[in-house]
Amino acid sequence: MSLEDDMDVLREVPLFGQLDRDQLRLLAFGAEHRFLKAGEILFRAEARADAGFVVVSGEVELHEGDGAQRVVARAGRGSLLGEMALMTETRRPTTAVTVTDCDLIRIPRPLFRRMLLEYPAIAVALHARIRADLLAMTAGITALAPAFEDDEDERD
């Protein structure tokens, strides 16, 4: 794939959708491709996470635990796996297994952090997005509270 093709795929990722051409070029140039056959493990649950992966082609399943447990999500072209790993030291919450042959772009944390330093507007937009996601998640949890309150009343 060409640098331009990589930039097109990266633009499909919501986190990178607002980046301009120069920023996308820097990200694509500093990233690396990883090709996996169907059935290969991209990463395991609880492994240290030092990079995010963008699916260029193919499909990846995310499994609870170490791969044998249930499938919790499927990811295809334009999906970002390991978003938090781009920002902070963390561990993988799931095991990622390729369903088909896959081409992935690996974005190392140091590259993404460099982008945040060189382009502070990206950091501001990322902060706003994470804040909005957290508020939405909190609202969703709060909306579930009545269901749990009924359970507590039944135990008394």
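The values are calculated or read from the model by the stated rules, or taken from the named source; none is laboratory data. Everything numeric here is computed off the predicted structure, so don't read it as measured data. Every residue, glycine as well, gets a Cβ built from its backbone with ideal geometry; the counts of neighbours run over all protein chains shown. To get the accessible areas, we keep the full protein, side chains included, count just its heavy atoms, and leave off ligands, DNA and RNA. Shrake-Rupley method; radii C 1.70, N 1.55, O 1.52, S 1.80 Å.
Couple of notes before you dig in:
- Residue check: Met87 meets all listed conditions (1) aliphatic (A, V, I, L, M); (2) out of contact with any strand residue (DSSP E or B) (no Cβ under 7 Å at 6 or more places or on another chain); (3) farther than 24 Å from Asp133 by Cβ but one, namely (3).
- Pick from the stretch 9-43, criterion within 18 Å of the chain's Cα centre (by Cα), among the aliphatic types (A, V, I, L, M) and part of a helix (DSSP H, G or I), ranking: modelled with the lowest pLDDT: Leu15
- Flag for Ile105 being in a strand (DSSP E or B) and either open to solvent by less than 60 Å² (accessible area, probe 1.4 Å) or of a type outside the set (A, V, I, L, M, F, W, C) (or both): yes
- Positions within the stretch 34-79 being within 19 Å of Leu111 (Cβ to Cβ) and either open to solvent by 40 Å² or more (accessible area, probe 1.4 Å) or basic (Lys, Arg) (or both), in sequence order: Arg34, Arg48, Asp50
- Single residue of the stretch 45-86 satisfying the filter (free of Cβ contacts under 8 Å to residues at least 12 places away in the same chain and aliphatic (A, V, I, L, M)) that is farthest from Asp6 (Cα to Cα): Ala68
- Qualifying residue in the stretch 117-135 (condition: open to solvent by less than 100 Å² (accessible area, probe 1.4 Å), more than 28 Å from Asp8 (Cα to Cα) and of a type outside the set (A, V, I, L, M)): no
- Checked across the stretch 80-100, the condition of being of a type in the set (Gly, Ala, Ser), under 19 Å from Glu40 (Cβ atoms) and at pLDDT below 90 holds for no residue.
- Figure legend. Inter-residue proximity from the stretch 89-116: first residues of a type in the set (Phe, Trp, Tyr), second residues open to solvent by 10 Å² or more (accessible area, probe 1.4 Å), beta-carbon distance below 6 Å, spacing 6+ or different chains. No pairs are indicated.
- Arg91 vs. criteria of a type outside the set (A, V, I, L, M), within 29 Å of Leu19 (Cα to Cα) and open to solvent by 60 Å² or more (accessible area, probe 1.4 Å): yes
- Condition met for Arg109 (within 22 Å of Gly17 (Cα to Cα) and modelled with pLDDT under 95): no
- Residue match in the stretch 1-8 (condition: of a type outside the set (Val, Ile, Thr), in contact with a helix residue (DSSP H, G or I) (Cβ under 6 Å, 6 or more places away or on another chain), within 19 Å of Arg129 (Cα to Cα) and not in a loop (DSSP other than H, G, I, E, B)): no
- Pick from the stretch 24-56, criterion in contact with a helix residue (DSSP H, G or I) (Cβ under 9 Å, 6 or more places away or on another chain) and small (Gly, Ala, Ser), ranking: nearest to Thr98 (Cα to Cα): Gly52
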